[in-house]
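Below is one structure, written out as structure tokens; comments come after it.
The values are calculated or read from the model by the stated rules, or taken from the named source; none is laboratory data. Everything numeric here is computed off the predicted structure, so don't read it as measured data. Cβ atoms come from the backbone with ideal geometry, glycine included; neighbour counts cover every protein chain shown. Protein only, heavy atoms only, side chains kept; ligands, DNA and RNA dropped before computing areas. Shrake-Rupley method; radii C 1.70, N 1.55, O 1.52, S 1.80 Å.
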Amino acid sequence: MDQLSFDQGRKYPCDECEYQATKISHLNVHQQSVHQGRKYPCQECEYHSTTESNLTAHHRSVHLGETYPSQECEYTTGDKSSLIKHQKSIHHGTRYPCPECDYLAGTERNLKSHFNRIHNEKRFLSQECDNKAKTKPQLSTNNESVHKGRKYTCNECDYQTNKISHLDVHHQVVHQGRKYPCPDCEYQATTKSNLTVHYQSVHQGKKYSCQECGYTAGDNSSVIKHQQSIHQGIRYPCPECDYQATTKSSLTSHCQRIHIGRKYPCQECDYQANRKCNLVRHTKALHK
């Protein structure tokens, strides 16, 4: 991390939107990609990259089959930088401390994300509801998904989501079979962040405590959700009925189950669940 820019709070603002970078090189990439539409197309598939280095990594990984295996576990990746980050975080125990609280991130990127999410006081207020977004794109996504009902549909199945990032994760996990295995047990995560949370909670015994009661969790996000739901009384109203959820994920699940009629079919029999957890429970009970 550019320690000088981070510690002193130096930012390089984009003059066309609310984006702020901690490095001038990141600002240049942002402007070229977002505002100038610059892309680097792959000559062998429909992939488009925002940087030449990402295009090179894509080509080597996808079309040449180049992989970088960890020498200490079964983890493999298509780019060397991801392997280095994995080794530092999982095997070397490298942590990046937050300058404002006790949070320790496994990667520089996670630290930046944490800092912007937790300590950055700037909020973008919705004109439609009480939502206070941390970034302008998040506010736009909230307005599109919650108030305009925008959905992103998977082109390979019936999955729908109100966030493009969730659709990307869905594609990688469900249709590409992407997993992040834990080096110390049989657990496999669907995202790197989930693997980090699992490892810190299960194998390192890290816990996060609520300051208002005895609730503890293995990840900070669960404590934040707990505080918002139990101690602050935050609710997420359904736009279709009187239901009010205590978390955004619960609201999404409710809408998909009740108003969209989404089902989770079993791959072994004709059973269909209306909740993913019920399908998991069914599979474990009858097919394993």
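Ranked by the mean number of other Cβ atoms within 10 Å per residue, highest first, peptides 40-52, 185-197 order as 185-197, 40-52. Using a simple spin-label model with pseudo-atoms 7 Å out from Cα toward Cβ, Ser250 and Gln227 lie 1.8 nm apart.
Remark: for residue pairs Lys151/Lys206; Lys39/Lys163; Lys207/Lys276; Lys192/Lys263; Lys23/Lys206, the C-alpha separation exceeds 29 Å in Lys151/Lys206; Lys23/Lys206.
Using the Cα centre of region 142-281 as the reference point, and only Cβ charges (+1 on K/R, -1 on D/E), how large is the resulting charge dipole? Debye, rounded to the nearest 20. Before the final figure, lay out each step's value.
On the way: 18 positive and 12 negative charges, 41 e Å.
Roughly 200 debye, rounded to the nearest 20.
Which value, in Å², gives the accessible area per residue of region 158-282 when a 1.4 Å probe is used on the protein heavy atoms? Intermediate values should be presented prior to the final figure.
Numbers: 7810 Å² over 125 residues.
Accessible area per residue: 62 Å².
Spin-label pair Glu66-Ser113: with each label point 7 Å from Cα along the Cα-Cβ axis, the two points sit 2.6 nm from one another. In the chain, the portion of solvent-accessible area held by carbon and sulfur atoms comes to 45 percent [1.4 Å probe, whole percent, DNA, RNA and ligands not counted]. Put a dot 7 Å past the Cα of Thr94, heading toward its Cβ, do the same for Val173, and the two dots end up 2.7 nm apart. From the C-alpha coordinates alone, can you work out the Kirkwood hydrodynamic radius of the chain, in Å? Roughly 22.0 Å, rounded to one decimal.
Using helices alone, what [θ] at 222 nm do you get for the chain, with -39,500 (n - 2.57) per DSSP H run of 4 or more residues, divided over all residues and rounded to the nearest 500? Could you put the intermediate results ahead of the total?
Details: 11 runs with 79 residues, N = 288.
Helix-only estimate at 222 nm: -7000 deg cm²/dmol.
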